[in-house]
Amino acid sequence: MGQILHDLRFGLRQLRLSSGFTAVAVLSLALGIGANSAIFQLINAIRLRVLPVQKPQELASIDMAPGYWRMGWTSTRSAHLTYALWESIRAHQQGFSDTMAWSATNFNLAPAGQVRYVEGMLVSADFFKVLGVPALLGRTFTAEDNRPGCGSPGAVISYAFWQSEFSQDHDVTSRSVRIDGRPFQILGVTPPGFFGVEVGHRLDIAVPLCADRLFYEPGKNRIPLRHAWWLSMMGRLKPGWTIERASAQLQAASPGIMAETLPEMYRPDDAKKFLANKLRVTPGGTGVSELRGQYGNPLWILLATTALVLLIACANLANLLLARASVREREIAVRQAIGASRSRLIAQLLSESLLLAVFGAALGALLATMLSRSLIAFLSTEGNPPLVLGLGADWRVLGFMATVALATCVLFGLAPALRATRVAPASVIRTSGRGVTAGRERFSLRRILVVAQVAMSLVLLAGALLFVHSLEKLLTVDPGFRPEGIVVVNTDFRSAHYSEERIPEVRRQILDQLRERTGAISAAQVFLTPVSGAGWDGTVWADGTSDAHKLAMFNQIGPGYFRTMGTAFAAGRDFDQRDHLKAPRVAIVNDQFAKTFFHGQNPVGRAFRLERGPGQTDDVFQIIGLVRNTKYYELREDFQPIAFLPREQDEHARADGSFVVRTNAPLGQFYRAATAAVTSVYPGALVDFTVLTTQIKESLLLDRLMATLAGAFGVLAGSLAVLGLYGVIAYMVARRRNEIGVRIALGASRVRVIGLVLREAVLLLAAGLTAGIVLAAWAGQAAASLLYGLKPHDPATLSAAAALLATVALAASYAPAWRASRLEPMDALREE
């Protein structure tokens, strides 16, 4: 221990004497370790951290097995099961001591006007019991709270919501919270730290499942609908039961469960596919999250990217330490000559590397915290609650950082220490400092390190260019409409309890008020806004033909929609006052619809059929217009066949409505005017706004994340590689200073000297770029699914990355070459 402390004190003095080297080394390691730790913190928070509940290892999720088939009404991010499936599974399962279900949603707290959302859940009575989460104040739900048709259910609120909305009032259980204008008696408060079961989201308010009918118009709640997918399910395993055993039991029970819950609306061929579905059980201790599917693969790619950055930094530091070792040759030789063992010298040299690694890890931890929080802010979208991820330093994060710190110490410190202590003391003293350590063997290792740096840097630089070019292609995609200046106004007037016959008139009044009060350039009604991720599909075929039935997308719009969106007509007319509820059903289709169902011919005047459920007559629509293709779900997709139906022919109008408004007014002014316009029709109406350009920007969130981070890491890696090449060339010039002086004295021109030095740089670059191109083409396969319009081995991108890296590297190598050409022969010979 005394020797270790002595070595550490000596190492600190050495690092203090070389403050410039120490600063560069620590900063390089901090950037590499910090980037790795930040990405690992996100992976840990999203995939590895367990829920803050009792015995989380006993929890398991119950869901459909991969390859399942379903059709119907899908709502919320929890849409895995129907209510009928939840009840049937609960009755037939054998491996769980208890089960629970939930559905995530947003609850509006504003009584009228612009909405104010918080994150909520509809949960089964045993939700908190299964998780083992007792109430901090009051109580949680019981079976009595979740009885069918509950008239006045209570609510359980989170600790954070209790703090922010009720100022930690300990008498909060005597108060209520208004959700969508309805009072819910507060039953209890959850403990601090409990955020629910969905990673990335926090639970503000929980209400019983039976309250679902209160958020929908009479007869339209999801509980009795066998085709309404809106629930997720989890359970606690019985003692002695494993995930595999519980999954096998439910798979065996699946045929009976599917037959018992078959939706009535399914046709025979649909029913056959549904009955083939299987259930499965998966570990649930880490909760559930849509972030895992969305960001799982990208985060692993980013972790591999940051690992390469750290390797490049370590190679750079190994080069620097090799250079320092050549300066300290005589010191090390003298130590060996007076009795120091080789192992003792290696330990002393490694202590310096260990100190650098520790300092780099400490600074990297600070950078990791800043970067991970910045990434969460980057991933949080406007109009939605911010992502909530536990970024605390648990044993996994601390262990990861400790492992990385020790690995970097070995990576950049061990080889220089071994080589520095391998030299015979006599050879060093005899050559007055120009020993074997500084010779060809040492320089060859430095060359190898630079080649490796260049190769790895090219991989990262090529990846960065691929992601940047992919994003550029997405940003230049023509969506078929002009999103600039369009604001989507979403309204909800269910509390007015209008009849279905009255709702279309209310929508028209709101539209007139929006046009009048906001000074809109144009406005129209719409059911689904494009590139929102929401959709409505159906099975279609051309009327009067026996063509195969194919899937088409649908939307409902009002007159003026295409003019507002900037979508051009190819033939036919727009909807107008002739297309009312009692008129013949009509539709406007896009070019892709005409190509799919009418072989590319003009479909105006033709008709198509929309398949309905068993016992129902298929709908027939007369096509009155043809418009250009537009994107539906996202910009990445190919154009889908889309049929637009008149909003006025909606047979089951709901008491809400969305409107697209083209405006050039400032957003704040527009929001105030639009809110006043909507509430002038019904004072209790709720209003929400979406800027279409923002919605499209958020749909490209993953692409922007990869382009931004990959670009930053690529630049950092390239800079480190260029620095390493510069160091090797400068070192070579210093070692060959007398030789270059003799050459100049014998008549060598400055151009010839520059060429002599640059030849070394070109050889190292050629070797590194060749290896890098092969590695980049191979590694790019992992990112193929994240690219748009590009192949992972795109020749133009690989060539551009190689050319950029080579240009910068040669420019950096030119500086020592130019200095070598300006060398005075007498100065070099006098030193010798």
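The values are calculated or read from the model by the stated rules, or taken from the named source; none is laboratory data. On a predicted model such as this, the values are computed, not experimentally measured, just so you know. Backbone-built Cβ (ideal geometry, glycine too); neighbour counts: all protein chains shown. To get the accessible areas, we keep the full protein, side chains included, count just its heavy atoms, and leave off ligands, DNA and RNA. Shrake-Rupley method; radii C 1.70, N 1.55, O 1.52, S 1.80 Å.
For residues in segment 738-778 being in contact with a Pro (Cβ under 8 Å, 6 or more places away or on another chain) and hydrophobic (A, V, I, L, M, F, W, C), which is nearest to A462 (Cα to Cα)? Steps first, please.
Within segment 738-778, the first condition is being in contact with a Pro (Cβ under 8 Å, 6 or more places away or on another chain), and the residues that meet it are 741-742, 744-745, 757, 777.
Subsequent filtering for residues that are hydrophobic (A, V, I, L, M, F, W, C) retains 742, 744-745, 757, 777.
Working: V742: 42, I744: 41, A745: 44, V757: 27, A777: 9 Å.
Among those residues, the one meeting the criterion is A777.
How about segment 781-818: which of its residues are farther than 20 Å from S470 by Cβ and free of Cβ contacts under 8 Å to residues at least 60 places away in the same chain?
If the condition is that a residue be farther than 20 Å from S470 by Cβ and free of Cβ contacts under 8 Å to residues at least 60 places away in the same chain, then A806, T807, L810, A811 are the ones that fit.
For segment 20-34, check the following and say yes or no: at least one residue is in contact (Cβ under 8 Å) with a residue 24 or more places away in the chain, out of contact with any Phe, Trp or Tyr (no Cβ under 6 Å at 6 or more places or on another chain), in a loop (DSSP other than H, G, I, E, B) and buried (at least 16 other Cβ atoms within 10 Å of the Cβ). Walk me through how you get there before you give the answer.
Filtering segment 20-34 down to residues in contact (Cβ under 8 Å) with a residue 24 or more places away in the chain leaves 21-22, 24-34.
Now drop any that are not out of contact with any Phe, Trp or Tyr (no Cβ under 6 Å at 6 or more places or on another chain), which leaves 21-22, 24-25, 27-34.
Of the ones still in play, those that are also in a loop (DSSP other than H, G, I, E, B) are none.
No: zero hits.
Got a sec? Which of L798, L823 is out of contact with any Leu (no Cβ under 7 Å at 6 or more places or on another chain) and surrounded by fewer than 20 Cβ atoms within 10 Å (Cβ to Cβ)?
Details: L798 fails: surrounded by fewer than 20 Cβ atoms within 10 Å (Cβ to Cβ).
Only one candidate qualifies: L823.
Just give me the residues in segment 82-105 being more than 25 Å from the chain's Cα centre (by Cα), crowded, with 18+ Cβ neighbours inside 10 Å and aliphatic (A, V, I, L, M), in sequence order.
A84, L85, I89, M100, A101
Collect the residues in segment 587-633 that are outside any loop (DSSP other than H, G, I, E, B) and either open to solvent by 50 Å² or more (accessible area, probe 1.4 Å) or closer than 30 Å to L262 by Cα (or both), keeping them in residue-number order. First the steps, then the outcome.
Just the residues of segment 587-633 that are outside any loop (DSSP other than H, G, I, E, B), to begin with: 587-598, 607-610, 619-627.
Within segment 587-633, K595, F608, R609, L610, D619, V620, F621, Q622 meet the criteria.
Inspect all residues belonging to segment 52-64 and state whether any of them is open to solvent by 10 Å² or more (accessible area, probe 1.4 Å), aliphatic (A, V, I, L, M) and either outside any helix (DSSP H, G or I) or over 26 Å from T306 (Cα atoms) (or both). Break it down into steps so the answer makes sense when it comes.
Going residue by residue through segment 52-64, those that are open to solvent by 10 Å² or more (accessible area, probe 1.4 Å) are 52-58, 61, 63.
With the extra rule that they be aliphatic (A, V, I, L, M), the set shrinks to 53.
Retained after the next criterion (residues that are either outside any helix (DSSP H, G or I) or over 26 Å from T306 (Cα atoms) (or both)): 53.
Scanning segment 52-64, I find at least one residue that is open to solvent by 10 Å² or more (accessible area, probe 1.4 Å), aliphatic (A, V, I, L, M) and either outside any helix (DSSP H, G or I) or over 26 Å from T306 (Cα atoms) (or both), so the answer is yes.
How many of the residues in segment 773-832 are of a type in the set (D, E, K, R), under 25 Å from S719 (Cβ atoms) and in a helix (DSSP H, G or I)?
Number of matching residues: 1.
Identify, please: which residue in segment 672-715 is acidic (D, E) and under 25 Å from S470 (Cβ atoms) and is, among those, nearest to the chain's Cα centre (by Cα)? Reasoning before the result, please.
Of segment 672-715, the ones acidic (D, E) are 688, 698, 703.
Right, trim to under 25 Å from S470 (Cβ atoms) and you get 698, 703.
Details: E698: 11, D703: 9 Å.
Looking at residues that are acidic (D, E) and under 25 Å from S470 (Cβ atoms), I get D703.
When segment 392-420 is examined, which residues are found to be part of a loop (DSSP other than H, G, I, E, B) and either in contact with a Pro (Cβ under 6 Å, 6 or more places away or on another chain) or open to solvent by 50 Å² or more (accessible area, probe 1.4 Å) (or both)? Break it down stepwise before answering.
From segment 392-420, those part of a loop (DSSP other than H, G, I, E, B) are 392-394; that's our starting set.
Listed by number, the list holds a single entry, A393.
Report, by residue number, each residue of segment 91-111 that is touching a residue at least 12 places away in the same chain (Cβ under 8 Å), closer than 19 Å to V130 by Cα and outside any loop (DSSP other than H, G, I, E, B). Explain how you work it out, then say what you get.
The first filter runs over segment 91-111 and keeps only residues touching a residue at least 12 places away in the same chain (Cβ under 8 Å), leaving 92-111.
Those left that are additionally closer than 19 Å to V130 by Cα: 92-104.
Residues satisfying the conditions are H92, F96, S97, D98, T99, M100, A101, W102, S103, A104.
Among the candidates A347, A318, A323, which residue alone is open to solvent by less than 10 Å² (accessible area, probe 1.4 Å), closer than 13 Å to P416 by Cα and not hydroxyl-bearing (S, T, Y)?
Details: A347 fails: open to solvent by less than 10 Å² (accessible area, probe 1.4 Å); A323 fails: open to solvent by less than 10 Å² (accessible area, probe 1.4 Å).
That would be A318, the only listed residue that is open to solvent by less than 10 Å² (accessible area, probe 1.4 Å), closer than 13 Å to P416 by Cα and not hydroxyl-bearing (S, T, Y).
Would you please list the contacts, defined by Cβ atoms under 6 Å and residues six or more apart or on different chains, that run from a residue in segment 193-221 that is more than 12 Å from S289 (Cβ to Cβ) and modelled with pLDDT under 90 to a residue that is part of a helix (DSSP H, G or I) and open to solvent by 30 Å² or more (accessible area, probe 1.4 Å)?
Listed pairs, sorted by first residue: N221/R213.
I'd like the residue in segment 462-476 that is of a type outside the set (K, R) and open to solvent by 30 Å² or more (accessible area, probe 1.4 Å) and, out of all such residues, is farthest from F659 (Cα to Cα).
Filtering segment 462-476 down to residues of a type outside the set (K, R) leaves 462-472, 474-476.
After this cut, where a residue has to be open to solvent by 30 Å² or more (accessible area, probe 1.4 Å) as well, the list is 465, 468-469, 472, 475-476.
Details: L465: 39, V468: 34, H469: 34, E472: 30, L475: 25, T476: 26 Å.
Result: L465.
So the check is Cβ under 6 Å with 6+ separation or different chains; which pairs have a first residue in segment 1-19 that's part of a helix (DSSP H, G or I) and a second one that's surrounded by 11 or more Cβ atoms within 10 Å (Cβ to Cβ) and β-branched (V, I, T)?
What qualifies is L15/T22.
Against the condition closer than 30 Å to D619 by Cα and hydroxyl-bearing (S, T, Y), how does S699 come out, does it pass? Talk me through it step by step, then tell me what you get.
Working: closer than 30 Å to D619 by Cα: no; hydroxyl-bearing (S, T, Y): yes.
Against the criterion (closer than 30 Å to D619 by Cα and hydroxyl-bearing (S, T, Y)), S699 does not qualify.
Could you list all residues from segment 503-524 that are open to solvent by 10 Å² or more (accessible area, probe 1.4 Å) and not charged (D, E, K, R)? I'd like the intermediate steps shown before the answer.
Here is the first cut: in segment 503-524, the residues open to solvent by 10 Å² or more (accessible area, probe 1.4 Å) are 504-505, 508-509, 511-513, 515-522.
Of everything in segment 503-524, those that are open to solvent by 10 Å² or more (accessible area, probe 1.4 Å) and not charged (D, E, K, R) turn out to be P504, Q509, L511, Q513, T518, G519, A520, I521, S522.
Take the residues in segment 516-572 that are under 17 Å from F598 (Cβ atoms) and assigned to a loop (DSSP other than H, G, I, E, B), then tell me which one is modelled with the highest pLDDT.
That would be D543.
Is at least one residue of segment 125-140 more than 22 Å from S97 (Cα to Cα) and in contact with a helix residue (DSSP H, G or I) (Cβ under 6 Å, 6 or more places away or on another chain)? Steps first, please.
As a first pass, look at segment 125-140 and keep what is more than 22 Å from S97 (Cα to Cα): 136-138.
From what's left, in contact with a helix residue (DSSP H, G or I) (Cβ under 6 Å, 6 or more places away or on another chain): 138.
Checked against the condition, which is being more than 22 Å from S97 (Cα to Cα) and in contact with a helix residue (DSSP H, G or I) (Cβ under 6 Å, 6 or more places away or on another chain), segment 125-140 yields at least one hit.
Here is a yes/no grid of residues against (1) at positive phi; (2) of a type in the set (D, E, K, R); (3) open to solvent by 40 Å² or more (accessible area, probe 1.4 Å):
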residue	(1), (2), (3)
R750	no, yes, yes
R759	no, yes, yes
L763	no, no, yes
G768	no, no, no
L775	no, no, yes
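Tell me whether segment 263-273 contains one or more residues that are in a helix (DSSP H, G or I), closer than 22 Å to W102 by Cα and out of contact with any strand residue (DSSP E or B) (no Cβ under 8 Å at 6 or more places or on another chain).
Looking only at segment 263-273, we keep the residues that are in a helix (DSSP H, G or I), and these are 268-273.
Retained after the next criterion (residues that are closer than 22 Å to W102 by Cα): none.
Looking through segment 263-273, none of the residues is in a helix (DSSP H, G or I), closer than 22 Å to W102 by Cα and out of contact with any strand residue (DSSP E or B) (no Cβ under 8 Å at 6 or more places or on another chain).
Within segment 112-136, which residues are touching a residue at least 60 places away in the same chain (Cβ under 8 Å) and either closer than 25 Å to N490 by Cβ or surrounded by fewer than 16 Cβ atoms within 10 Å (Cβ to Cβ) (or both)? Before the answer, list the steps.
The initial filter retains those residues of segment 112-136 that are touching a residue at least 60 places away in the same chain (Cβ under 8 Å), namely 112-115, 117-125, 127-128, 130-133.
Result: A112, G113, Q114, V115, Y117, V118, E119, G120, M121, L122, G132.
For G154, state whether it is under 19 Å from P183 (Cα atoms), of a type outside the set (S, T, Y), touching a helix residue (DSSP H, G or I) at 6+ places or on another chain (Cβ under 7 Å) and surrounded by fewer than 20 Cβ atoms within 10 Å (Cβ to Cβ).
Working: under 19 Å from P183 (Cα atoms): yes; of a type outside the set (S, T, Y): yes; touching a helix residue (DSSP H, G or I) at 6+ places or on another chain (Cβ under 7 Å): yes; surrounded by fewer than 20 Cβ atoms within 10 Å (Cβ to Cβ): no.
Taking the combined requirement at face value, the residue does not satisfy it.
Where residues in segment 296-348 are touching a helix residue (DSSP H, G or I) at 6+ places or on another chain (Cβ under 7 Å) and of a type in the set (S, T, Y), which of them is nearest to I33 (Cα to Cα)?
Going through the qualifying residues, I end up with T306.
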